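The structure appears right after this line, and notes come after that.
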Ligand SMILES: Cc1cc2nc3c(=O)[nH]c(=O)nc-3n(C[C@H](O)[C@H](O)[C@H](O)COP(=O)(O)OP(=O)(O)OC[C@H]3O[C@@H](n4cnc5c(N)ncnc54)[C@H](O)[C@@H]3O)c2cc1C
């Protein structure tokens, strides 16, 4: 299977790499220190069109197809990955494109594409992580409107967000079939906590979000009442693909840094790269990266062709995020003391990619999705009860 990266995608990749080299990477140390993304980086990213990735041109977006968006995201993650969490394609924009009415798209997508408004995907709660159907945030219908109350945690971009795609229970007792999703604009009834301080992705703006009897019109519902899980499923397929694409970008950067380091660093009178054990390690890194990239491009292709893609996306996310853990760990080892020094970017890549094995469905949840698909082929019947309700 061969994937041709179009000339358009290559041009986008070049532009993103230039942005990473000139703007994002030079800001990395400040982002690590302040746990915030500088305004200058946000403005420069908007100028390059990063907020418009995956949004159709008719709504002011870059109009990039899925594979081009993946390639752009990979390039973005050759630098500090938090930048990609804030400015890359977003789950709310993807949900609007796939499930929004034309009115909802017209209302929100142009400002999202321009980076004037940042949107967050608000699903996770303290008692509902992997088991997303267990959310308790309520949306109660009153006089043709909905009143939303509840709290969300670990919500990426939240400290910068002006719009939230909120999952809430409209019909209690119906499990996943009682969940609907809403577009909620920030207001004084939406409380946002201080930015989470996590091991990596510093500056990505994750935070708790509290909805205190927020009143929204019925037109704020995205998709049908009780069909929120269908919207979430489509959206999570995209979000998982992004996590996998981010992983291969960071993996490539870690491999490139390692290749140049082992060529220069001499011990025992010769470059590290001349030791066979070092070359074995590099071979494993390169093979992991190549396999991950093929799975990611394949999943993008299946989604582009209109397939469900759930299995392919889960395989890509599982493999690419786990591979990124192995590759960045090898990179740290090959750099020796430099590998754990915060003066060099290697340890940052290792910390940044760690969360990809957790967010948007942990690796074990991807395994559940993959294995539940095996049942369709007549294998493993009854292996994974409850997998449908997980993400
Ligand atoms: C950096 C970051 C950004 C995030 N951004 C967002 C966001 O923008 N919006 C949002 O809504 N959420 C976001 N999240 C939340 C994320 O989606 C959840 O953390 C994730 O779904 C896991 O939920 P949990 O943390 O509650 O872990 P738990 O559900 O408690 O799971 C912990 C571990 O238990 C294991 N496990 C759980 N269930 C099973 C099972 N059925 N079988 C086998 N093993 C299992 C897995 O190993 C899992 O890692 C983000 C998280 C992080 C770390």
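The values are calculated or read from the model by the stated rules, or taken from the named source; none is laboratory data. Note that the coordinates shown come from a computational prediction; the quantities given were computed from them, not determined experimentally. Cβ coordinates were reconstructed from backbone atoms using ideal geometry, including for glycine residues, and neighbour counts include every protein chain displayed.
Does at least one position in the range 102-113 carry a residue that is within 13 Å of the ligand (Cβ to nearest atom) and touching a strand residue (DSSP E or B) at 6+ places or on another chain (Cβ under 8 Å)? Within the range 102-113, none of the residues are within 13 Å of the ligand (Cβ to nearest atom) and touching a strand residue (DSSP E or B) at 6+ places or on another chain (Cβ under 8 Å).
If you go through the range 135-152 one residue at a time, do you hit one that is crowded, with 16+ Cβ neighbours inside 10 Å, out of contact with any strand residue (DSSP E or B) (no Cβ under 7 Å at 6 or more places or on another chain) and at pLDDT 95 or above? The answer is no, given that none of the residues of the range 135-152 is crowded, with 16+ Cβ neighbours inside 10 Å, out of contact with any strand residue (DSSP E or B) (no Cβ under 7 Å at 6 or more places or on another chain) and at pLDDT 95 or above.
When the test is whether a residue is in contact (Cβ under 8 Å) with a residue 12 or more places away in the chain, closer than 30 Å to residue 23 by Cβ and surrounded by fewer than 22 Cβ atoms within 10 Å (Cβ to Cβ), residue 86 does not pass it. Do we have residue 23 as in contact with a helix residue (DSSP H, G or I) (Cβ under 9 Å, 6 or more places away or on another chain) and away from the ligand (no atom under 14 Å from the Cβ) here? The answer is yes for residue 23. Within the range 13-35, can one find any residue that is within 25 Å of residue 360 (Cα to Cα) and not in a helix (DSSP H, G or I)? Yes, the range 13-35 contains at least one residue that is within 25 Å of residue 360 (Cα to Cα) and not in a helix (DSSP H, G or I). Remark: residue 224 matches the filter, which requires a residue to be touching a strand residue (DSSP E or B) at 6+ places or on another chain (Cβ under 9 Å) and farther than 19 Å from residue 54 by Cα.
Which residues, taken from the range 88-101, are assigned to a helix (DSSP H, G or I) and more than 16 Å from the ligand (Cβ to nearest atom)? Answer for the range 88-101, where residues must be assigned to a helix (DSSP H, G or I) and more than 16 Å from the ligand (Cβ to nearest atom): 97, 98, 99.
Summed over the range 127-173, residues that are in a loop (DSSP other than H, G, I, E, B), more than 8 Å from the ligand (Cβ to nearest atom) and either closer than 24 Å to residue 107 by Cβ or out of contact with any helix residue (DSSP H, G or I) (no Cβ under 8 Å at 6 or more places or on another chain) (or both) total 9.
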